[in-house]
1. Per 5 Å bin, what percent of the C-alpha pairs of region B:1-62 does each bin hold, from zero upward?
2. At q = 0.12, 0.18 Å⁻¹, what is the base-10 log of I(q)/I(0) for region C:223-374 according to the Debye formula with one equal point scatterer per Cα and no solvent? Please give it to two decimals.
3. For region A:72-208, go through all pairs of different Cα atoms, get the mean of 1/r, take its inverse, and jot down that Kirkwood value in Å.
4. If you average the sequence gap of Cα pairs under 8 Å that are 6 or more apart and divide by the length of chain A, what percent do you get for the contact order?
5. Arrange the following residues from fewest to most other Cβ atoms within 10 Å of their Cβ: A:190, B:119.
6. Given 4 °C and 1.567 mPa s, how large is the Stokes-Einstein diffusion coefficient of chain A in µm²/s, with Rh as the Kirkwood radius over Cα pairs?
7. So what is the orientation-averaged projected area of chain B, using the convex hull of its C-alpha atoms, in nm²?
8. To test your reading of the geometry: what angle, between 0 and 90 degrees and rounded to tens, separates the Cα axis of helix B:265-274 from the longest principal axis of chain B?
Amino acid sequence: MNFDDTPQEAAFRETARRWIEANAPRELHAELSKSSLGRIRLANHDIVDVGKAWQKKKFEGNWACLHWPREYGGRGATPIEKVIWQQEEGVYGKLTQPFQIGEGMCGPTVMAFGSEEAKRRYLPKLASGEEIWCQLFSEPSAGSDVAGLRTRAEKKGDNWVVNGQKIWTSGAHYSDYGLLIARTDPNVPKHKGLTMFFLDMKSPGVEVRPIKQANGMQEFNEVYFTDVVIPDSQRLGAVGDGWNVSLTTLMNERMSIGARLATGVPEMFELCSNLMLEDGPAIDDPAVRSKLASWAAKSSGLKYTSYRTISALSKGERPGPENSIGKLVSGMMLQDIATYAMDLQGAAGVLTGNDEETAQGQFQQMLLSSPSMRIAGGTDEILRNIIAERVLGLPGDIRVDKDVPYNKIPTKGR
Amino acid sequence: MNFDDTPQEAEFRATARAWISANAPKQYEEELRKSSLGRTVLKNADILQVAKAWQKKKADAGWACLHWPKEYGGRGASPIERVIWQQEEGPYGQLSRMFIIGHGMCGPTMMAFAREEHKRRYLPPLASGENVWCQLFSEPAGGSDVAGLRTRAEKDGDDWVINGQKIWTSGAHYSDYGILLTRTDPTVPKHKGLTMFFLDMKSPGVEVRPIKQASGASDFNEVYFTNVRIPDHQRLGEVGDGWNVSLTTLMNERSAIGAAVSTGFPELFEYCSSLILDDGPAIEDRAVRSKLANWAVKASGLKYTSMRAISALSKGERPGPENSIGKLVAGSMIQDVATYALDLQGAAGVVSGENAELAGRFQAMLLRAPGTRVEGGTDEIMRNIIAERVLGLPGDIRVDKDVPFNKIPTKGRN
Amino acid sequence: MNFDFSDDQKQLRDQARKFLAEKCPPKAVRVVLDGKTPYDKELWKGLAEMGFLGVAIPEEFGGAGAGHLELCVIAEEMGRANAPVPFSSTVYLAAEALLIAGSDAQKKKWLPAIASGEAIGTLALFEGKGNPSPKNVKLTAANGVLNGVKKPVADGAIADFAVVAARTGSSGRDSDISLFLVELRAGGVEVKSLTNLDPTRGQAEIAFKDCKAEPLGAAGEGWSILTQVLDRAAVLCAFEQVGGADRALEMGRDYALDRIAFGRPIGSFQAVKHMLADMYVSATLARSNSYYGAWALSTNAAELPEAAAAARISATQAFQHCAKNNIQVHGGMGFTWEFDCHIYYRRANAMALGLGSLSYWEDQLIDRMRKKNAA
Ligand SMILES: Cc1cc2nc3c(=O)[nH]c(=O)nc-3n(C[C@H](O)[C@H](O)[C@H](O)COP(=O)(O)OP(=O)(O)OC[C@H]3O[C@@H](n4cnc5c(N)ncnc54)[C@H](O)[C@@H]3O)c2cc1C
Ligand SMILES: Cc1cc2nc3c(=O)[nH]c(=O)nc-3n(C[C@H](O)[C@H](O)[C@H](O)COP(=O)(O)OP(=O)(O)OC[C@H]3O[C@@H](n4cnc5c(N)ncnc54)[C@H](O)[C@@H]3O)c2cc1C
Ligand SMILES: Cc1cc2nc3c(=O)[nH]c(=O)nc-3n(C[C@H](O)[C@H](O)[C@H](O)COP(=O)(O)OP(=O)(O)OC[C@H]3O[C@@H](n4cnc5c(N)ncnc54)[C@H](O)[C@@H]3O)c2cc1C
């Protein structure tokens, strides 16, 4: 048990710090510090543009996708080095938002299942931010129940022809490639007839329609496929093995979402440290302290849980489902924190402009965005099922749909 | 919408008040006032004897089981008169605890299903406390799943012969009679093969063994039946209709328990009003106030919910499953309240018993509270009932419903 | 005792529900949500014609003279429908302040105009962050002239007049505060709309510069009048919140019955069932507390301050809880602009702050219980 850097780690940290100091876009520092969940908006820049520029710079300095092998655009770094990098990158890490799905989910899936040629062609550009990737899993009738998806892929010669619809695809509107799971055989039980592909989002027949979110922003999309042709060489894994392939992605999704999870605690602590209530500083008020203390304990619990995972990783063990607790805990916590921050602001808490009284509307945006944390990448309820079943070994739900041919399962809904 | 007494109600209240002040056992008032969930003890008297004496006195003057018809030992009073009585009876109401099961559940079941002669014979001494009754439903393998019970009743001439075991039977050790749910046909689906009886607890073959509770006290028992004979005229309802009969009991159980639920709030408010913390009176501490306020509105919410139910009752409507919320809310609340009271006591909070703060009132509450969340339907079963019977959501998927009882897989306590 | 609304009142509720279902469907709410108009003028007119705006205003001032119980019934329906009109500012705050403290002339001038839908009123109390407190009132009044800035003022941009809390003394006591009535279309008033969480109900900043105002109630009585107004509004808002909570619960329930995942309705999973059961529990507790508040309000009982605070806390929590978990039950759909879940989520969180925060009311409740116990 040792929390301090080893001499090698300290040297690595020093190198990283110096490089960041010399290269980071400092003009954005203040704005990035003020941004939190749902509120990475830069006054004079497009987040995708500045994000791409920073990513490119990192790539050139060998600081992108650190833990990936060098031949695919990474640095071949250890898990601990990656954490050190993230600590040092600090607020500039927020610029990586558009790349997280690609780096965290699509990349690892291509790495595990793509041909050598595909890996060399696509991964370095993914790492450098030149090409952005999205994840095309969810459908109107298949969210939690991903394996219930309906998008069809049919073999025609050396190609597959795809028809159907995906939904909630984050970043599809600015993505170059996508990881797509489709049904290739509807006559077998639902988990068995799936196959994974990747495709060029500019292929003919792909249509992206943005969806306006509850928080007013437009970050996710519907994606329609009409006779979209995908060469068989872009298949990932065996035909019919898509469910297994997707579990790799989803396991990695949990890991990558888990790693840079927003909890709202640092923002809240800062607010309470500055805010004056009627009887004095908020931070001196026993009611405020009691809440802050419980949140602080949760957030440090999460942090050290992720350190434990990293320690396990660096001994060569795989990230397990224990990681599910990160999003489960922080999703609800963010929502509670935002609500309480507004409560402390009193009547003015309702305002969402750039007001000084409301800390620039930071918590108001957090409140409006936080419901998505409890849904995206596995709802709270699904995560609890995962913990109960895969960590604690409890039996699964009684299933009415598991061994039934897919086209015999009752459907209804959207 | 009117909270005030009508002239008739005011007159009833005055009569009740006058009678109570002339007849109540005032020497115990102080001790009864200080008792709360998990701790009703009298230092120098046997509580059972004191309670029986008070109940008898009430019965003689027509104040027992107020809402029952006169011919069965009641007063034929309205639901509102009953509430007025309970308000006036105040701390002496604590003395009715051991009769709750008999008055709240067994009596109403007898009233609905027993023959006229039995009603006249058994109900008046039940009302007057001369006879105490218990409820023999739960079994090691049938708790939430009451319909999974195994105690067998077999017809032998005009009698039934009972063999099996009940568990968690509150008050069996001082009860004279019990209502008993048994399996009379194991070859039909589980809800269909049940039959209800009542029996004399002194019948040969009945053996009562007290169980020590988590709180250290022994209020409930295991009851063993070995070739116990019950005459057929003590059957309640049809053979095979025991599930329906038991629902009557359980519905009444909810309203009986619902009306009498303790939340722990008055005790905590009183405690905080006098407690001095390091920085001054507890009640002036904002953290304490915030907690108190949250519990206060739950306690008042429950109180007014039951008032609404009583208003409905007095218009001739039946108590609905909405009443399930009482126990559900109060059960976890009293547990939280007790935990917080100990927290306020600091390290001294771990001391329990007579030497502890307030003679261990909150310690006793903490230890008894888990029972509230289990008895008469666990929190989870209550949520199911609300979801299914109030909100109309679908029932759980059942693996045992249409299967003959003797074909259902079993495992667990034996 | 009879702890329920009367048959007539229930009939009024049915009438209001039907009216709002017809005149205020989600489509109408969205017109305001999308910023196409600051409030639904047609609906406002309709509410006046139905007699809902003046339901608690005495007949001699142009109202229906029914009473506060009837107003509670209507408030609940306004909350269910998330009605995008300045109902709470005008009816719970401005009209109640006039009823409590207005001179005969003031009542004659404004109450009939409120009842007929011609005048929109509001209360200008807050000055930036913080809760109701005499200390937080900095705007000054001297010789009937106001100077200072109020923010946020609910419906301030569309209001014709405002009841303004002003500082008229500096003794550090409640009696430093007096109330004034200001016509907002007159000189010396500058109004600016502010963006806020709930676009279906506007917020504004109002600057008063040497603005002429007439006193409302006696000088130095401002804070005690305000306290009464806020208590009344707390009960009335609680009914709106209960209506909103119930609607959110219903939306969640309906969706859980309809949506199929894993070959079965999601409402058959205990995680979803129990979430909905818990929503039902909090909505029920809030409803019961609000009924008690309604009784106290309608009889002006000594219990009102305590009952109002309890109703306020309970209803605020229930609405926030139901609105938030309604989104959760809806999954991804719940996070779209297109589904109505976020409308209730926004309203729930905005209403939680409007009369002062939850923490403020928690503090008030315990204070009031303590005072009662001491008495
Ligand atoms: C902001 C955001 C970004 C997203 N980005 C992407 C993306 O880039 N790519 C992509 O493919 N998807 C994306 N998603 C989709 C996301 O993964 C799904 O929304 C999520 O899996 C839930 O599916 P659903 O919306 O169909 O809800 P449903 O599955 O219909 O769930 C509705 C409710 O039922 C509950 N429920 C369902 N099944 C069970 C069960 N078995 N037991 C208990 N409760 C259950 C859920 O917990 C939820 O409360 C995104 C979603 C959001 C909100
Ligand atoms: C103080 C006390 C007094 C009692 N007095 C009496 C009495 O006088 N007479 C009498 O007959 N009984 C009595 N009981 C028994 C009581 O009714 C049962 O304990 C209760 O019904 C739960 O049954 P169980 O103990 O078998 O637990 P189980 O049914 O085994 O439950 C164990 C856990 O599983 C959960 N669970 C079970 N089924 C489901 C489901 N379908 N969905 C979700 N969760 C589920 C439960 O909620 C619980 O958390 C008493 C119990 C207590 C604690
Ligand atoms: C109105 C009502 C109130 C209840 N209140 C409580 C309570 O307060 N506390 C508690 O612990 N439990 C209560 N229960 C029982 C509680 O629902 C069960 O403990 C739990 O849900 C699991 O029960 P189950 O599987 O045995 O039966 P359930 O699934 O609840 O219901 C039994 C099913 O069997 C069928 N059925 C009903 N009667 C008969 C019959 N005579 N013959 C054949 N089939 C029949 C019906 O189709 C019914 O849907 C109540 C049940 C009902 C119906």
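FYI, it's all coordinate maths here, none of it is from the lab. Quantities reported herein were computed from a predicted structural model and do not represent experimental measurements. Backbone-built Cβ (ideal geometry, glycine too); neighbour counts: all protein chains shown.
1. 3, 14, 19, 19, 16, 14, 9, 4, 1, 0
2. Calculated log10 I(q)/I(0) at the listed q: -0.53, -0.95.
3. Computed over Cα pairs of region A:72-208, the Kirkwood hydrodynamic radius comes out at 16.4 Å.
4. Here the relative contact order equals 14 percent.
5. B:119, A:190
6. 57 µm²/s
7. 22.2 nm²
8. Result, in degrees: 20.
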